[in-house]
Every structure is written in structure tokens, then in C-alpha cells.
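Below is one structure, written out as C-alpha cells, with a few remarks after it.
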Amino acid sequence: MEISGYGRDGIYRSLRPPLLLPKDPNLSMVSFLFRNSSSYPDKPALIDADSGHTLTFSQFKSNVAKLSHAFLNQLGIKKNDVVLIFAPNSIQFPISFFAVVAIGAIATTVNPLYTVPEISKQVKDCKPKVIITVPALWDKVKGFGLDYVIMGSEKNSDLIGMSSDSKVTWLIDLVNNSGSVSDSFPAAAIKSSDTAALLYSSGTTGLSKGVVLTHRNFVAAALMVTADQELSGEMHNLFLCVLPMFHVFGLAVIMYAELQRGDGIVSMAKFDLEMVLRAVEKYRVTHLWIVPPIVLALAKNSVVKKYDLSSLRQIGSGAAPLGKDLMAECAKNFPQAVVMQGFGMTETCGIVSVENPRLGPRHSGSAGLLVPGVESQIVGVDTLKPLPPKQLGEIWVRGANMMKGYYNNPQATRATIDKQGWVRTGDLGYFDEQGQLFVVDRIKELIKYKGFQVAPFKRLRRVTFINSVPKTASGKILRRELIQKVQSKI
């Protein structure tokens, strides 16, 4: 194997120490989450930046246990029932998610910005038994005629103008009425291969599809994400979670991965630059995972200078590629923090590669090294042959964090996962000689010139300069708008 991790078989392997995955075939992601928590019961697990409310690990565990008993006994949620969570980030989001998963039910999440027709599509596809939401979003879901659980610290039926025909329960009632159940979870026959969550991918390649993630996927991804911390023996860091928990990045990479390590999470309902900076200063946040548009704000906005952000040791970016110039510019404002990035997808439970903060700032524009336990191939788009370093092709990945498949969609599953377990990411990229992965583009958006695919070594014939690049909220480039802009200048 070369220094790049490239083997004779055409497979790139992780250069990090190997991953030790739990062997128990009946391990649930919730029992794994709390496996060590009795040794740090009073450490903060969840802090709500919006309300200031804090839960220690023992309070967090007891809330999840009580709610899981209530779901089972009061709402009759059974194993494999689907429960839909439609809410912004809050302390009650992880409590609800883990309470659903603890009884072997399946959690599915929805973007709070979705319209009624968009939610309706997902409801038809996965047929949830219960919807968990907040008063502010009640109007969007009240028409589905299901059982509802309302999150919120204030219990007020007028808040949601409840109709009498729907069965509506308040989350705080469920927790308070579940009696004096101890911190033990209801007995549930869960296998690690069982489905834990159904996350709908943003559908960059057409319609949004339900990604089936198992208990084992979450456990593996969590250990992969935190492998560098484990190696350096770090404990009880504090992560700000301003990225949405309905998305794999907020849910698996930040919330689950860090809580299972004993790290605390500061949750924030929506992004506001000053609120983020204030929370970092107030709670002495050590780690901040964000997306490129927020990195841009941290690099360019002078308001950053108003706050004491000296606690920050790491600023990580994902969801879209981050250029090396922007990384270096952001790092100037945070001399004591490593600015780094990673790469993952919903289909890989959020993680494929990440830079190692131990190696110090690199600002190379790479998405880092493969995490332990993940293998990759770079496959020629035309030849379908594995390629050596410095050659561009489709990124294929394999590991214990890869999805089971797409929900009720065997055709799409077969098109994405082959018989050997390789997941085709649909992304173009290459590894360099040091084993760093560079993600260049989406394969569907490959530019062709006279029928031939343009790769980096081909000549450019004309360049058009534009003032700004149109992007989505998560930092993905809106190519249709970009093409229109360029065409209007030709």
C-alpha cells in the first residue's frame, strides 16, 4: 500500500488507525449512546442557546427513558412504526428522536421550511403513525389526521388552535405522566441491522428519496467521526449545533457522534451570526461545525471582532466544498482554531473523510483523509476502472456506515449500491499522493465539450467573469442560474 492508501487492488484504504466496531448484533444506538454516561452524570449534555435551559447527561437519559415508555404505553407506538419529527433544533429534538429509536420505532425528519405538499409527499411515502411538531408549525401538519405530539415548554392549547378531532398530546405531559420509571429503557428486541432512521436526501439527482439508516450505521459513523478525539483522549468538548438536526450533518455527525462521546451540544433553532457568536462566547464553545456560507460570514463580517471567541479550537465545514483561500481568510479571524473540512452524504450516514485537526491547519481545499473503516475507489466515468492518485473519477465508498438502501425503492438502491457494497456517490474527485480526497463536482453536472467530458487537464477556450455565484442555503451552487448568467454575457 502506498503512502496515499492506494492498494494494488485499486482500493484506497484509510491511513488512520483501524476502527474497532462493537460486535454485539443486538446493539441499539441508544444503549450505545449512554454506555458510559453514568461516569459523567453531571456533565452538561444539552444546552438550549435560545432558552438557556440545560440538561446534564443523567437528566438527558432519564428524559429519553421516560418519553420512550410514554410512546410505548400511552401512544401505542410499536417496533417499526414510523414517527415523523417536524421541528427546528431544540433540546426536545434529540430527546424525541432517541425516545422513538429506543423502542425500535423509526424516526423520519422533515425540513421545517417545507410546504404542505412537500410534507404530504413524505407522509405518503413512509406512512408515519405520529407527527411530533411545535406550535409554530402546527398549521402545516394538522390536516393529516394522525396522532400528534407537541414540543414546547409552555402547554397552551390556544397556541395551536387545536381541532378536537385530532389526537394531540403535549410532550411535557408524556414525560411527566410516565410515572417513576427509572432510567431503564423499555425492553425492545432491537438488532443493530434494524432501521433507526429514514432521512430524505435532498434529491440532487431528481426526486427526494428515503435513505434507510440502521442502528449500526449510526454507531459506526459516530466512531468514525470521533476517532481523532478518541486517539488524543479528549473528553467533554462543547459543540454548537446550529446546523439542522433534521439533516444527517446535524443529526449524525454533530448530535449523535458527540453525545455518545460525552461531549455537550449547544442547540440553536436558526442561524443568526450574532447569536452564534454570542453563544460561543457565553458557553465557551470549543467546536463549531458549519457550512461554507457561514464560513464566509465568519471570514468577512467585522462583527466577529466584537466577541470573545478564544474558546474555539476547531471550525469544521461540510455539505459543500470550501475553497482554500476562504479557509485561510477565516482562519485569520480565529488564530487559535483549526479551520478544516470533511465530506459525507446522507447515504453514508454523514461521513466519508475529514481532515485531522492534530496535523494543524493545512488549507489545501481537500476534504481530508478517509475516516477509519471507510474504503474508496475512484472509478473512471467512461472506463469504470479504478484509478490511481491524481486522476479524476467518480468517488465510490464502502464501510459499516453505508445506508441499507433507499426506502421502498429497489431500483434506485440497485443503481447506487453494487453487489460488493460499493456506494456510488455521484461526486467526482481524486486522491493526492498523501491520501487526501479532493471533491471536484457532481457527476450529473459534468460539462461536455463537443461530446467529450472536460477533465482538469483539458484546455479552457473562454473564461467569463461574474460578480457572485448563486448558491442554496447549504452552499451548493445553483448551476441552472449560473449557466443563465454566463449565457446572458456571451
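Quick one: count up the residues across the range 243-259 that are within 14 Å of PRO88 (Cα to Cα) and either among the small types (Gly, Ala, Ser) or in a strand (DSSP E or B) (or both).
1
Any idea how many residues of the range 114-148 are crowded, with 20+ Cβ neighbours inside 10 Å and assigned to a loop (DSSP other than H, G, I, E, B)?
2
Step by step: first the residues of the range 1-26, then only those that are of a type in the set (Ser, Thr, Tyr) and within 25 Å of the chain's Cα centre (by Cα), then the one that is least open to solvent (accessible area, probe 1.4 Å). Which residue is that?
Filtering the range 1-26 for residues of a type in the set (Ser, Thr, Tyr) gives 4, 6, 12, 14.
So of that shortlist, the ones also within 25 Å of the chain's Cα centre (by Cα) come out as 12, 14.
Numbers: TYR12: 1, SER14: 24 Å².
The selected residue is TYR12.
Among the residues of the range 306-329, write down those that are modelled with pLDDT under 95 and among the hydrophobic types (A, V, I, L, M, F, W, C).
Answer for the range 306-329, where residues must be modelled with pLDDT under 95 and among the hydrophobic types (A, V, I, L, M, F, W, C): ALA319, ALA320, LEU322, LEU326, MET327, ALA328.
Of all residues in the range 87-97, how many are within 16 Å of the chain's Cα centre (by Cα) and not in a helix (DSSP H, G or I)?
At the first step, the residues of the range 87-97 found to be within 16 Å of the chain's Cα centre (by Cα) are 87-90, 93-94, 97.
Then drop every residue that is not not in a helix (DSSP H, G or I), which leaves 87-90.
Residues in the range 87-97 being within 16 Å of the chain's Cα centre (by Cα) and not in a helix (DSSP H, G or I): 4 in total.
Any idea which of (1) closer than 30 Å to PRO372 by Cβ; (2) touching a strand residue (DSSP E or B) at 6+ places or on another chain (Cβ under 6 Å); (3) outside any loop (DSSP other than H, G, I, E, B); (4) in contact (Cβ under 8 Å) with a residue 60 or more places away in the chain is the one VAL100 doesn't satisfy?
Unmet for VAL100, out of (1) closer than 30 Å to PRO372 by Cβ; (2) touching a strand residue (DSSP E or B) at 6+ places or on another chain (Cβ under 6 Å); (3) outside any loop (DSSP other than H, G, I, E, B); (4) in contact (Cβ under 8 Å) with a residue 60 or more places away in the chain: (4).
So which residues in the range 227-262 are among the small types (Gly, Ala, Ser), within 20 Å of ILE290 (Cα to Cα) and open to solvent by 10 Å² or more (accessible area, probe 1.4 Å)?
The answer is ALA227, and nothing else.
Residue under question is GLY10, and the condition is that it be closer than 30 Å to PHE438 by Cβ and of a type in the set (Gly, Ala, Ser); does it hold? Quick ask: steps written out before the conclusion?
Numbers: closer than 30 Å to PHE438 by Cβ: yes; of a type in the set (Gly, Ala, Ser): yes.
Answer is yes for this residue.
If we keep just the residues of the range 276-303 that are of a type in the set (Gly, Ala, Ser) and either under 21 Å from ILE477 (Cβ atoms) or touching a strand residue (DSSP E or B) at 6+ places or on another chain (Cβ under 8 Å) (or both), which is surrounded by the fewest Cβ atoms within 10 Å (Cβ to Cβ)?
Filtering the range 276-303 for residues of a type in the set (Gly, Ala, Ser) gives 279, 297, 299, 302.
Next, only the ones that are either under 21 Å from ILE477 (Cβ atoms) or touching a strand residue (DSSP E or B) at 6+ places or on another chain (Cβ under 8 Å) (or both) stay: 279, 297, 299.
Details: ALA279: 23, ALA297: 17, ALA299: 19.
Among those residues, the one meeting the criterion is ALA297.
Table: residues versus (1) surrounded by fewer than 19 Cβ atoms within 10 Å (Cβ to Cβ); (2) within 25 Å of VAL440 (Cβ to Cβ); (3) at pLDDT 95 or above; (4) of a type in the set (D, E, K, R).
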residue	(1), (2), (3), (4)
PRO386	no, yes, yes, no
GLN391	yes, yes, yes, no
ALA400	no, no, yes, no
MET403	no, yes, yes, no
TYR407	no, no, yes, no
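Just to be sure I understand the filter: pairs with C-beta atoms under 7 Å, separated by 6 or more residues or on different chains, first member in the range 304-321 and closer than 18 Å to ASN356 by Cβ and open to solvent by 70 Å² or more (accessible area, probe 1.4 Å), second member assigned to a loop (DSSP other than H, G, I, E, B) and not basic (Lys, Arg). Which pairs pass?
Short answer, once both residue conditions are applied: ARG313/THR286; ARG313/GLN336; ARG313/ALA337.
What strands (runs of 3 or more DSSP E) completely inside the range 260-375 contain at least 3 residues that are closer than 30 Å to THR195 by Cβ?
Values: elements: 264-267, 287-290, 314-317, 338-343.
Here the list reads 264-267, 287-290, 338-343.
Being over 29 Å from HIS236 (Cβ atoms) and surrounded by fewer than 17 Cβ atoms within 10 Å (Cβ to Cβ) is the filter here; which residues of the range 322-348 pass it?
GLY323, LYS324, ASP325, ALA328
For (1) among the acidic types (Asp, Glu); (2) touching a helix residue (DSSP H, G or I) at 6+ places or on another chain (Cβ under 8 Å); (3) closer than 25 Å to LEU240 by Cβ, each residue gets a yes or a no:
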| residue | (1), (2), (3) |
| --- | --- |
| LYS23 | no, no, no |
| SER58 | no, yes, yes |
| LYS66 | no, yes, no |
| ALA70 | no, yes, no |
| GLN74 | no, yes, no |
| VAL83 | no, yes, no |
| ALA87 | no, yes, yes |
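Identify the single condition in (1) of a type in the set (D, E, K, R); (2) modelled with pLDDT under 85; (3) assigned to a loop (DSSP other than H, G, I, E, B) that LYS191 does not satisfy, given that it satisfies every other one.
(2)
Considering only residues that are at pLDDT 75 or above and among the small types (Gly, Ala, Ser), look in the range 149-168 and name the one that is most open to solvent (accessible area, probe 1.4 Å).
Going through the qualifying residues, I end up with SER153.
So for the range 169-179 (the condition being within 18 Å of ILE103 (Cα to Cα), of a type in the set (Gly, Ala, Ser), modelled with pLDDT under 95 and surrounded by fewer than 21 Cβ atoms within 10 Å (Cβ to Cβ)), does at least one residue qualify?
Checked against the condition, which is being within 18 Å of ILE103 (Cα to Cα), of a type in the set (Gly, Ala, Ser), modelled with pLDDT under 95 and surrounded by fewer than 21 Cβ atoms within 10 Å (Cβ to Cβ), the range 169-179 yields at least one hit.
Condition first: among the small types (Gly, Ala, Ser), open to solvent by 50 Å² or more (accessible area, probe 1.4 Å) and more than 22 Å from LEU19 (Cβ to Cβ). Can you find one or more residues in the range 413-429 that meet it?
yes
Which numbered condition trips up PRO388, out of (1) under 23 Å from the mean Cα position of the chain (by Cα); (2) touching a residue at least 60 places away in the same chain (Cβ under 8 Å)?
It is condition (1) that PRO388 fails.
Out of all the residues in the range 338-362, which are under 22 Å from the mean Cα position of the chain (by Cα) and of a type in the set (A, V, I, L, M, F, W, C)?
Restricting attention to the range 338-362, the residues satisfying the condition of being under 22 Å from the mean Cα position of the chain (by Cα) are 338-357.
Passing the criteria: VAL338, VAL339, MET340, PHE343, MET345, CYS349, ILE351, VAL352, VAL354.
Tell me whether the range 27-43 contains one or more residues that are assigned to a strand (DSSP E or B), more than 30 Å from LYS121 (Cβ to Cβ) and either in contact with a Gly (Cβ under 7 Å, 6 or more places away or on another chain) or open to solvent by 60 Å² or more (accessible area, probe 1.4 Å) (or both). Please lay out each step first, then the result.
The first filter runs over the range 27-43 and keeps only residues assigned to a strand (DSSP E or B), leaving none.
There is no residue in the range 27-43 that is assigned to a strand (DSSP E or B), more than 30 Å from LYS121 (Cβ to Cβ) and either in contact with a Gly (Cβ under 7 Å, 6 or more places away or on another chain) or open to solvent by 60 Å² or more (accessible area, probe 1.4 Å) (or both).
The values are calculated or read from the model by the stated rules, or taken from the named source; none is laboratory data. Please read these numbers as outputs of a predicted model, since none were measured by experiment. We place every Cβ from the backbone using ideal geometry, glycine too, and count neighbours over all the protein chains shown. Accessible surface is based on the protein model in full, side chains and every heavy atom, while ligands, DNA and RNA are left aside. Shrake-Rupley method; radii C 1.70, N 1.55, O 1.52, S 1.80 Å.
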